[in-house]
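Here's the structure we're looking at; comments come further down.
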Amino acid sequence: MAQKSFINFAEKLSIFMNEFRKIIHIDMDAFYASVEQRDHPELKGKPIAVGHAEKRGVVAAASYEARKFGVRSAMASQKALKLCPDLIFVEGRMDVYKEVSAQVHAIFQEYTDLIEPISLDEAFLDVTENKKSIALAVDIAKEIKQRIREELHLVASAGISYNKFLAKVASDYRKPDGLCTIHPDQAQAFIDRLPIEAFWGVGPVTAKKMHQLGIYNGETLRQCSLDMLNRQFGKAGSLYYDFARGIDNRPVEAVRIRKSIGCEHTLEKDISLSSSVIIELYHVACELVERLERKQFKGSTLTLKIKFNDFTQLTRSQSVNHPLSTLKEILPLAKKLLKGVDYAQHPIRLIGLSVSNPKEADDLVYPSKPEWIQLSFEFQEE
């Protein structure tokens, strides 16, 4: 009983301490596709996909006009064309997207230096103390949205709250061109109504498991004990437990340490012969080693990703007690991870490898600070 009272007190204290934070999550709406429509006016109002239309192609991004037909990123191009026969494919221009992303970040920097980029098209901003001394975070978000529209001719959605989890959920709530604030006194009621699929980090596989456990929204998630969630979901269990109570103590980290480096190959045709798989694995490992050398990155965990011809996928990881950086170290471990994968009956469409867990780098950068870990989740691709 005493332990339960202590947990309740700790939860209330954590919420109280963090209610004073002002966090904004900015998410550029259909970023790649919107840049293409901006730069090519003839594409405005039309369903477009960034990617390649050929048989083995995959949609990298889809405009909102295409999404109305069910087209989504990571979808096979042929499936996308069946859903939307008038879909227009545009080749991606990563250099342009990076340049536009830098322009967006230049706007952010006029308000705060506490910017945590999540990808090219989204970032967290801590504006608790900001350069323009604007009292309300929602006013900053409105200004940023307006400037992105006027200066870059693009549209962004913004979520505002007292932590990263709620700011992220808020930015997704009214897309596109959304603006949503979740105040501390509204948070619990909002979370209780939130479908479990809308929780940050809950993909289709996790959502299905939660449904089997009787968890459908924030309220039913909050009824679960910490022990039960840890048993069912491992490290993520504690995160779900906190999210259900509106708790997320993770800071907005202006300097993000690279956590992993990887590469993957979508094969020209599905393969199931052992010799062919080993050859492709070798090529992926060689490219990974080149990237590691180029970025001067070393990690102690190797992860193998396999996507089968029916688009199901699996990942396998193994950690070692030394940094991984050479082909001599990586290829044997990759072959070991491949053992037991049944590709004879399930041909392989994609092979990927990544190295993560750069402990030495973390120790160098944060020698005396607590380690804040950005958990990664497996999302089922469509």
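The values are calculated or read from the model by the stated rules, or taken from the named source; none is laboratory data. The structure presented is a predicted model; accordingly, all values stated were derived computationally and were not measured. Note that we place each Cβ from the backbone using ideal geometry, even for glycine, and neighbour counts take in every protein chain shown.
Points to keep in mind about this one:
- Of all residues making up region 164-183, the number that are over 17 Å from the mean Cα position of the chain (by Cα) and surrounded by 17 or more Cβ atoms within 10 Å (Cβ to Cβ): 5
- Any chance A74 is within 18 Å of the chain's Cα centre (by Cα), hydrophobic (A, V, I, L, M, F, W, C) and not assigned by TED's automatic domain parsing to the domain that holds K22: yes
- Among residues of region 104-156 being buried (at least 19 other Cβ atoms within 10 Å of the Cβ) and among the hydroxyl-bearing types (S, T, Y), the one that is farthest from the chain's Cα centre (by Cα) is Y111.
- Residue count, region 61-90 (criterion: aliphatic (A, V, I, L, M) and more than 21 Å from K269 (Cα to Cα)): 8
- Members of region 285-310 that are in a strand (DSSP E or B) and either closer than 15 Å to N357 by Cα or of a type outside the set (D, E, K, R) (or both): G299, S300, T301, L302, T303, L304, I306, F308
- Screening R231, R316, R258, R222 for residues that are within 26 Å of I115 (Cα to Cα), surrounded by fewer than 19 Cβ atoms within 10 Å (Cβ to Cβ), touching a helix residue (DSSP H, G or I) at 6+ places or on another chain (Cβ under 9 Å) and of a type in the set (D, E, K, R) leaves exactly one candidate, R258.
- Residue match in region 164-184 (condition: acidic (D, E) and not assigned by TED's automatic domain parsing to the domain that holds K235): yes
- Number of the exception - A244 against (1) more than 23 Å from K22 (Cβ to Cβ); (2) in contact with a helix residue (DSSP H, G or I) (Cβ under 7 Å, 6 or more places away or on another chain); (3) of a type outside the set (V, I, T): (1)
For (1) assigned to a loop (DSSP other than H, G, I, E, B); (2) buried (at least 16 other Cβ atoms within 10 Å of the Cβ); (3) not assigned by TED's automatic domain parsing to the domain that holds S161; (4) not small (G, A, S), each residue gets a yes or a no:
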| residue | (1), (2), (3), (4) |
| --- | --- |
| G237 | no, yes, yes, no |
| D248 | yes, yes, yes, yes |
| T266 | no, no, yes, yes |
| K269 | no, no, yes, yes |
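Per-residue answers, yes or no, for (1) at pLDDT 95 or above; (2) over 21 Å from K168 (Cα atoms); (3) surrounded by 19 or more Cβ atoms within 10 Å (Cβ to Cβ); (4) among the small types (G, A, S):
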| residue | (1), (2), (3), (4) |
| --- | --- |
| K44 | yes, yes, no, no |
| I48 | yes, yes, yes, no |
| V59 | no, yes, yes, no |
| A66 | yes, yes, yes, yes |
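- Among (1) buried (at least 16 other Cβ atoms within 10 Å of the Cβ); (2) more than 23 Å from G57 (Cα to Cα); (3) not small (G, A, S) - the single one K295 does not satisfy: (1)
- Single residue of E280, E329, E293, E287 found to be touching a strand residue (DSSP E or B) at 6+ places or on another chain (Cβ under 7 Å) and without any contact (Cβ under 8 Å) to a residue 60 or more places away in the chain: E287
- Here F190 fits the description: assigned to a helix (DSSP H, G or I), aromatic (F, W, Y) and within 21 Å of G246 (Cα to Cα).
- Just so you know, in region 81-95 the residues that are of a type in the set (A, V, I, L, M) and at pLDDT 95 or above include one that is farthest from Q37 (Cα to Cα), and it is L83.
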